[in-house]
Amino acid sequence: DKNEFIGDKVNHTITGIDPGSGIMKATDQVIKDYGLSDWKVQSGSESTMTASLDKAIKNKKPIIITGWTPHWMFSKYDLKYLEDPKGVYGKDEEIHTVINKNFAKKDPNATKFLDQFNWSPDDMGKVMLDIQGGKSEQEAAKAWIKANQDKVNQWKKGVNKVNGKTVKLAYVSWASEIASTNVVAEVLRDLGYNVNLEQLGAGQMFAGLAKGSDDAIVAAWLPSTHADYMNQFNNKLTDLGTNLKGTKLGLVVPKYMKINSIEDLKT
Ligand SMILES: C[SH](C)CC(=O)O
């Protein structure tokens, strides 16, 4: 039946991303909670994972990846999430904007802007697709800003223009965070800020923010995915709240695969 072959077909491997990410920790928990002791989670990066996904789909081969929404892969390919009856990946989540504890005092103007930043999975998806389609990260951000002046003006309400103050943003190279961080950076630049972007691993991003080597991130997946990092550094960080609602994490497969639940991986 469909169960006994799936493990053999994918060499009992789930194709994952960077080991410090929350989705990889959650997937380790999936292995334990669903009794998948003969399975392994292959770490890599978002780009190695999407390259493996592309290759598998081109050859109509089975593959199981760690996936999340929003992500351009759902526009490019016919994919589905495996049901997670034990709820290990948690419910739909949100992405939060988090600043270093001292930043609000250091720059209340930029803090007000960061606090007002919020947008939808559709907004983020447009920027991700433009980048996937070949636009540079900055061009994609600028194009979105140009086409969404009303939303951007809401973010800028009560925020003053400045002359050359610096804001340091950290992020991890996940398509979702590349999109959001570049849009925020471009609007801050329109406001007269010099913006430094620092691309780090997930753990380094939270550590750098806590240390103050970076001022802000728009990349905290909460309440569960990044809970460990937020708890580890909580007295050094200020959570400004949600900037995007309606994210999802889980195991994702091409729709041509017969399995529908994580339970189906158990031979
Ligand atoms: C890969 S998701 C954007 C975030 C995470 O899993 O840490």
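Below are the figures for this structure:
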| item | result |
| --- | --- |
| The listed residue being farther than 24 Å from Lys86 by Cβ, of a type in the set (A, V, I, L, M), at pLDDT 95 or above and touching a strand residue (DSSP E or B) at 6+ places or on another chain (Cβ under 8 Å), out of Ala51, Ala26, Ala56 | Ala56 |
| Per-region count, region 51-68, residues open to solvent by less than 40 Å² (accessible area, probe 1.4 Å) and either more than 27 Å from Gln29 (Cβ to Cβ) or within 16 Å of the ligand (Cβ to nearest atom) (or both) | 7 |
| For Lys266: the one exception among (1) open to solvent by 20 Å² or more (accessible area, probe 1.4 Å); (2) farther than 18 Å from Gly16 by Cβ; (3) touching a strand residue (DSSP E or B) at 6+ places or on another chain (Cβ under 9 Å); (4) of a type outside the set (Phe, Trp, Tyr) | (3) |
| Strands (runs of 3 or more DSSP E) contained entirely in region 61-100, each with at least 2 residues that are of a type in the set (Ser, Thr, Tyr) and within 18 Å of the chain's Cα centre (by Cα) | 65-69 |
| The one condition in (1) outside the structural domain of Met257 (by TED's automatic domain parsing); (2) part of a loop (DSSP other than H, G, I, E, B) that Lys112 fails to fulfil | (2) |
| Strands (runs of 3 or more DSSP E) wholly inside region 150-257 containing at least 1 residues that are within 14 Å of the ligand (Cβ to nearest atom) and either of a type in the set (Lys, Arg) or open to solvent by less than 70 Å² (accessible area, probe 1.4 Å) (or both) | 166-171, 216-222, 237-254 |
| Every pair of residues 6+ apart whose Cβ atoms lie under 6 Å, when the first sits in region 19-44 and is on the phi < 0 side of the Ramachandran plot while the second is within 9 Å of the ligand (Cβ to nearest atom) and of a type in the set (Gly, Ala, Ser) | Gly20/Ala202; Ser21/Ala202 |
| Top-ranked residue of region 14-40 - restricted to ones that are outside any helix (DSSP H, G or I) and of a type in the set (Val, Ile, Thr), ranked as farthest from Ala56 (Cα to Cα) | Ile17 |
| Region 18-47, residues that are open to solvent by 70 Å² or more (accessible area, probe 1.4 Å) and either within 13 Å of the ligand (Cβ to nearest atom) or under 18 Å from the mean Cα position of the chain (by Cα) (or both) | Pro19, Lys25, Asp28, Gln29, Ser47 |
| Failed criterion for Asn109 (all others in (1) open to solvent by less than 50 Å² (accessible area, probe 1.4 Å); (2) touching a Ser or Thr at 6+ places or on another chain (Cβ under 8 Å) hold) | (2) |
| Residue, farthest from Ala216 (Cα to Cα), within region 170-199, restricted to residues that are of a type in the set (Val, Ile, Thr) and under 14 Å from the mean Cα position of the chain (by Cα) | Ile178 |
| Candidate set: region 69-89, residues that are out of contact with any helix residue (DSSP H, G or I) (no Cβ under 6 Å at 6 or more places or on another chain) and among the acidic types (Asp, Glu); chosen: the one nearest to the ligand (Cβ to nearest atom) | Glu83 |
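The values are calculated or read from the model by the stated rules, or taken from the named source; none is laboratory data. Here the structure is a predicted model, which means the values were calculated and not measured. Cβ sites come from the backbone with ideal geometry, for glycine too, and all protein chains shown count toward neighbours. Side chains included, ligands, DNA and RNA excluded: accessible areas come from the protein's heavy atoms. Shrake-Rupley method; radii C 1.70, N 1.55, O 1.52, S 1.80 Å.
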